[in-house]
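First the structure, in the form of structure tokens, and then the observations on it.
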Amino acid sequence: MGSVKEGAAAVSPPRHIAIIMDGNGRWATRRGLPRTAGHAAGAETFRRIATRCNQLGVEYLTVYAFSTENWKRPAAEVDAIMGLLEKYLHEAIDSMRREGVRLRFFGDLSRLSPRLRALIDETDAISRTIAGGLQANICLNYGGRDEIVRAARRWAQTDDRAPLTEESLSAYMDSAGIPDPDLLIRPGGETRLSNFLLWQLAYAEFYFTDVLWPDFTAEDLDRAIAYYHGRDRRYGGVTDNA
């Protein structure tokens, strides 16, 4: 991963951070707990990291909460994850304005329960009343390939028959209107994207760590940001440091 410059996070944060929240199940298994306990711990970690991002002045935080492939997990685990999401949304509705945090959801939400979709609609409405602060994007029933296919279908259904370009297709992505992530963080020891933000991560810096997501702290976030500050971002071009 390269060297980490301690304290660099205090200089300026990336505008947009993406996180694959990995390791909840392993965290629980190592402690002799059910996997659902790991997801509960991971949800609390998300709260802490979102708070830290808001304090640092990060504008966008996008997290991988539930993939299109996660439906293959045991029904009890899926139900527990959805229950935690519902609990979080109820709490968020009470705190979003106070904390100045907006919520947005990426993914195919049609498979979610009507109750969850109603809560998501309510958080959307509240988010539109909040100016500034952190926007937390939660990827739910999300897959990067699926997002690209859905965007292409939406474009094909329009009356606009201008040539398809990267810019025009981006306007139909779940992330339309949001800058691409500057930094991807993946805890849990894996070093793959797992079908996350395949379109948007083209020029992001990647930071991998063996720390499991429930153990990921604000200090770990600061180290990831410090690593980001040590990178030379060329976007395919050449800089004086090349």
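Nothing in this text is a laboratory measurement; each read-out follows from the coordinates by a stated rule. Nothing here was measured: the structure is a model prediction, and the numbers come from that model. We place every Cβ from the backbone using ideal geometry, glycine too, and count neighbours over all the protein chains shown.
On alpha carbon coordinates alone, what is the Rg over Rh value for the chain, Rh being the Kirkwood radius? Let's see the in-between values first.
On the way: Rg = 18.1 Å, Rh = 18.9 Å.
That ratio is 0.96, to two decimals.
Taking 0.36 nm per residue of sequence separation and removing the Cα-Cα distance, the Ser194/Glu86 pair yields an extension gain of 36.4 nm. Taking amide H as placed 1.01 Å from N in the peptide plane, the amide H of Gly23 sits under 5 Å from that of Trp213, each at least 5 places away or on another chain.
If you take all other residues with their beta carbon under 14 Å from the beta carbon of Trp71, and give Lys and Arg +1 and Asp and Glu -1, the sum is -2. Each residue of segment 188-193 was assigned a 3J(HN,Hα) from its phi angle through the Karplus curve 6.51 cos²θ - 1.76 cosθ + 1.60 (θ = phi - 60°); the sequence is x, x, 7, 10, 9, 7 Hz, with glycine and proline shown as x.
Treat the count of other C-beta atoms within 10 Å as a stand-in for reagent exposure and order Lys87, Lys72 from fewest to most.
On the way: Lys87 12, Lys72 8.
Going from sparsest to densest Cβ surroundings: Lys72, Lys87.
Cβ-to-Cβ counts within 10 Å put Ser95, Ser127 in ascending order as Ser95, Ser127, the fewest first.
Given the -39500 (n - 2.57) contribution per DSSP H run of 4+ residues, what per-residue ellipticity at 222 nm results for the chain, rounded to the nearest 500 deg cm²/dmol?
Working: 7 runs with 98 residues, N = 242.
Here the helix-only value at 222 nm equals -13000 deg cm²/dmol.
Taking amide H atoms as placed 1.01 Å from N in the peptide plane, the amide H of Leu184 lies under 5 Å from those of Ala18, Glu205, Phe206, Tyr207, each 5 or more residues away in sequence or on another chain.
For the chain, what proportion of DSSP beta bridges, expressed in % and rounded to the nearest 5, is antiparallel? Present the calculation step by step, with values, prior to reporting the outcome.
Values: 0 of 24 bridges.
Roughly 0 percent of the beta bridges in the chain run antiparallel, per DSSP.
Extension gain for Glu167-Asp215 works out to 13.5 nm (0.36 nm per residue, less the C-alpha to C-alpha distance).
Compared with the alpha-carbon gap, the fully stretched path from Arg128 to Glu44 is longer by 27.7 nm at 0.36 nm per residue. Candidates Ile93, His16, Ala151 compared by Cα position along the dipole of the chain: farthest toward the positive end lies Ile93, with charges placed on Cβ.
Summarising the label geometry, the points placed 7 Å from Cα in the beta-carbon direction at Lys72 and Asp94 lie 3.8 nm from one another.
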